[in-house]
Amino acid sequence: MTREPYSIASIDSLARAKQLMTRHLIRHLPVVDGDKLVGVISDRDVAVLEAVPGIDLAKIEVARVMEPPLAVWAEEPIDQVSALMAEKKRDCVVVRGGHGVAGIFTATDALQALADVVRRATA
């Protein structure tokens with residue numbers, strides 16, 4: 001899990017989202033309005049629109065493209081989180097903590113956890 005992930009507001013532009021993801025080498029951003037989690041946006045969401053001729057990412061708000069958030073509490077067991085991601089066919093979940101967004105758990109994190117389990121089992 002990435003703790004205290006970068007986030008973006010729903011009124012920010014897709015150009016700003018792309019800039020944040022590119023600069024910090026990340027693929028997902030929780031979308032927050034104040035302290036409220038309202039969505040998630042991925043680099044794929046941005047790339048699809050960027051490929052459309054005549055689209056100006058600076059003129060499109062994140063709110064128009066974001067997905068509803070899939071969120072879990074920090075105490076949720078990793079196997080249940082991974083199962084939820086598979087069931088919902090989602091690449092990430094936002095992890096909630098006592099003060100809002102505590103982290104983001106991605107499919108890459110789930111694969112790393114699986115690799116760790118397999119390594120320990122075969123050692």
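The values are calculated or read from the model by the stated rules, or taken from the named source; none is laboratory data. What you see is a predicted model; the values in this text were computed from it and never measured. Methodologically, a virtual Cβ is constructed for each residue, glycine included, from the backbone with ideal geometry; neighbour enumeration extends over all protein chains shown.
Of the residues in the range 1-11, how many are in contact with a helix residue (DSSP H, G or I) (Cβ under 8 Å, 6 or more places away or on another chain) and either part of a strand (DSSP E or B) or within 16 Å of Arg96 (Cα to Cα) (or both)? Number satisfying all stated conditions: 4. Criterion applied to Asp33, Asp56, Asp43 was being within 19 Å of Phe105 (Cα to Cα) and surrounded by fewer than 19 Cβ atoms within 10 Å (Cβ to Cβ), and the one residue passing it is Asp43.
Looking at the range 12-27, can you tell me whether even one residue there is part of a strand (DSSP E or B) and modelled with pLDDT of 95 or more?
Here is the first cut: in the range 12-27, the ones part of a strand (DSSP E or B) are 13.
Adding the requirement that they be modelled with pLDDT of 95 or more leaves 13.
Yes, the range 12-27 contains a residue that is part of a strand (DSSP E or B) and modelled with pLDDT of 95 or more.
In the range 55-67, is there at least one residue being under 13 Å from the mean Cα position of the chain (by Cα) and within 18 Å of Met1 (Cα to Cα)? No, the range 55-67 has no match at all.
For the range 45-65, the criterion of a residue being outside any loop (DSSP other than H, G, I, E, B) and under 30 Å from Val117 (Cβ atoms) is satisfied by no position. Checking Ala86, Ala74 one by one, the residue that is surrounded by 12 or more Cβ atoms within 10 Å (Cβ to Cβ) and among the small types (Gly, Ala, Ser) is Ala74 and no other.
What number of residues within the range 69-123 are part of a helix (DSSP H, G or I), farther than 21 Å from Leu25 by Cα and touching a Cys at 6+ places or on another chain (Cβ under 8 Å)? It would help to see each step written out before you state the result.
We begin by selecting, within the range 69-123, every residue part of a helix (DSSP H, G or I); these are 78-88, 107-122.
Subset that is farther than 21 Å from Leu25 by Cα: 78-88, 114-122.
So of that shortlist, the ones also touching a Cys at 6+ places or on another chain (Cβ under 8 Å) come out as 85.
Count: 1.
Only residues that are touching a helix residue (DSSP H, G or I) at 6+ places or on another chain (Cβ under 8 Å) and under 21 Å from Ile8 (Cα atoms): list them for the range 96-123, please. Matches in the range 96-123: Phe105, Ala107. Restricting the first member to the range 97-123 and to residues that are free of Cβ contacts under 8 Å to residues at least 40 places away in the same chain and surrounded by 12 or more Cβ atoms within 10 Å (Cβ to Cβ), and the second to residues that are among the charged types (D, E, K, R) and not in a helix (DSSP H, G or I), the beta-carbon pairs closer than 8 Å and six or more apart or on different chains are Ala107/Asp91. Note on the range 1-30: among residues that are crowded, with 18+ Cβ neighbours inside 10 Å and free of Cβ contacts under 8 Å to residues at least 60 places away in the same chain, the one that is farthest from Leu111 (Cα to Cα) is Asp12. Starting from the range 46-62, keep only residues that are over 8 Å from Leu14 (Cβ atoms), then list their pairs with residues that are at pLDDT 95 or above and among the hydroxyl-bearing types (Ser, Thr, Tyr) whose Cβ atoms are within a distance under 8 Å, requiring at least 6 positions of separation or different chains. Hits for this filter: Lys59/Ser13.
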